[in-house]
Amino acid sequence: MLNVDSLTRGIVIDHIKAGSCMALYKYLELDKLDCSVAIIKNAKSNRMGKKDIIKIDGMLDLDLDVLGFLDCNITVNIIDNGKIIEKKNLVLPDTIRNVVSCKNPRCITSIEQGIDQVFKLADPKTHLYRCLYCEQKYNPKK
Amino acid sequence: MMKHLIDPLDLTAEEVNEFLDLADKIMEEPSKYRHICDGRKLATLFYEPSTRTRLSFEAAMLNLGGSVLGFSSGTDSSAAKGESVADTIRVVSNFADICAIRHPKEGAPLVAALHSEIPVINAGDGGHQHPTQTLTDLMTIRSLKKRINGLTVGICGDLKFGRTTHSLIKSLARYTGVKFVLISPQELRVPDYIFESLQAKSIAFKQVERLDEVMPELDVLYMTRVQRERFFNEEDYIRLKDSYILDAKKMELAKEDMIVLHPLPRVNEIAVEVDHDPRACYFKQVKYGMYVRMALIMKLLGLEESEC
Ligand SMILES: [Zn+2]
């Protein structure tokens, strides 16, 4: 099995809720990367029972803001020379663009062509996001 | 940065007062402003009909010496051919200096603003926001009561789904000492976030089911409609339906200087007999609305009074 040590330079996204690594893979657009990406499903975890892990080899700079929105339990370690050089603290991003869609049928996003789906952080305490256009709630926890 | 008016709360309390001050000045001496918009054009892009609002905007621009162009329903516009709001506003930006947009979809005016070369005014987007109505409401209250601070304002009707009442509540909550009396059926009370924001700011408010109970306390009564289909059950509808209809009998309970407002159109929630009562101010409200829109057009076009 892979472990952190096997990566000399790259990013380890750990403590992903079991079963959701493929969704993260999609959101982070990892399919567009040239470097090797390891996906570990259902790894044993003391804290979580089961978890998923994603390891990205050879890449240090990736926009990971969306992770804070999707799941704030995720941890991110940046590895260089085989050592953890940074443990990233995930924060809730102010804006989420084209990650989730507005579910309000009265929202302009339901008919306007070529429009970005944008959600703004409305209340950090409750992780509440609102559609930029119609203010419909979106709560990633629910 | 280009200024638009999309959400009434985009304006600070000071900016709101500046608009109202200018509207007051225009109302005092309209002739002074008769040519300030000479040679300028307002586009009214109405994707759904709202004759009253459109005429108010058009009258406002004409009174300032400008001219108007536009369309008055989605069916006779480019939207019927499937053109996006973004593309329409890009085109209209070449023809007009400012535009007012009304659209059945929530957020459409914001989409327009994001792609516009000219100032955009939200003239109503579905049930979402209607900032010129909110400014009109504030202007009417301030003009007729000579103040907003310290008033007890009753808001009656569907307070759950009527989001224009939410903007009004949030705007009034920025003044000092305003007390709210929220009159609605249990099921149609204001949403939790409004309730919580009033509590958090320690703003005095109470929620009641019947209008007649609270009539004597009110300085302002803002009536809106409760639609039959909004009631959860027939029993409540029958029990409460008359509670939300303002008639002469309920007016007897009110203060002599209370004012009654309504965003119009009225259906049956205010009995016609009330129209003759001097406290019925909902038709005056229309006039204030036009002056507010005149002030708004001037401010968004960056026209100063000194230019008159
Ligand atoms: Zn939306």
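Under the convention that each Lys and Arg Cβ holds +1 and each Asp and Glu Cβ holds -1, the size of the dipole of segment A:10-88 around its Cα centre is about 560 debye.
Chains B and A: buried accessible surface, both sides, probe 1.4 Å, rounded to 100 Å²?
The B and A chains share an interface burying roughly 1100 Å².
Sparse packing (at most 12 other Cβ atoms within 10 Å of the Cβ) combined with a DSSP loop state is found for the following trypsin sites (Lys or Arg not before Pro) in segment A:27-78: A:R47. Surface composition of chain A: carbon plus sulfur atoms hold 46% of the accessible area, using a 1.4 angstrom probe and ignoring ligands, DNA and RNA. When cysteine pairs in chain A are screened for C-beta atoms closer than 4.7 angstrom, the residues that find no partner are A:C21, A:C35, A:C72.
Counting only Cβ charges, +1 for Lys and Arg and -1 for Asp and Glu, the dipole size of chain B around its Cα centre is about 140 debye. Shown for segment A:95-126: residues covered by the partner protein chains by 40 Å² or more of accessible area relative to the chain by itself (probe radius 1.4 Å), namely A:R106, A:I108, A:E112.
Non-local lysine pairs in segment A:10-88, meaning eight or more places apart or on different chains, with alpha-carbon distances under 18 Å, amount to 18. Per atom type, segment B:131-286 shows carbon and sulfur on 50% of its accessible surface, probed at 1.4 Å.
The dipole here belongs to the protein assembly as shown: it is taken about the Cα centre, uses +1 on the Cβ of Lys and Arg and -1 on the Cβ of Asp and Glu, and is about 980 debye. From helices alone, chain B scores -10500 deg cm²/dmol at 222 nm; the rule is -39500 (n - 2.57) for each run of n ≥ 4 DSSP H residues, then divide by the residue total. With the simple model of a label 7 Å out from the Cα in the direction of the Cβ, B:D277 to A:K137 spans 3.7 nm.
When both segment B:203-255 and segment B:9-82 are represented by their alpha-carbon centers, they are found 33 Å apart. From the alpha carbon centroid of segment B:125-185 to that of segment A:27-78 is 48 Å.
The values are calculated or read from the model by the stated rules, or taken from the named source; none is laboratory data. In this text the structure is predicted, and so the values were computed from the model without any measurement. So basically every Cβ, Gly included, is an ideal-geometry build from the backbone, and we count neighbours across all protein chains shown. When the accessible area is computed, the model is the full protein with side chains, heavy atoms only, and any ligands, DNA or RNA have been set aside. Shrake-Rupley method; radii C 1.70, N 1.55, O 1.52, S 1.80 Å.
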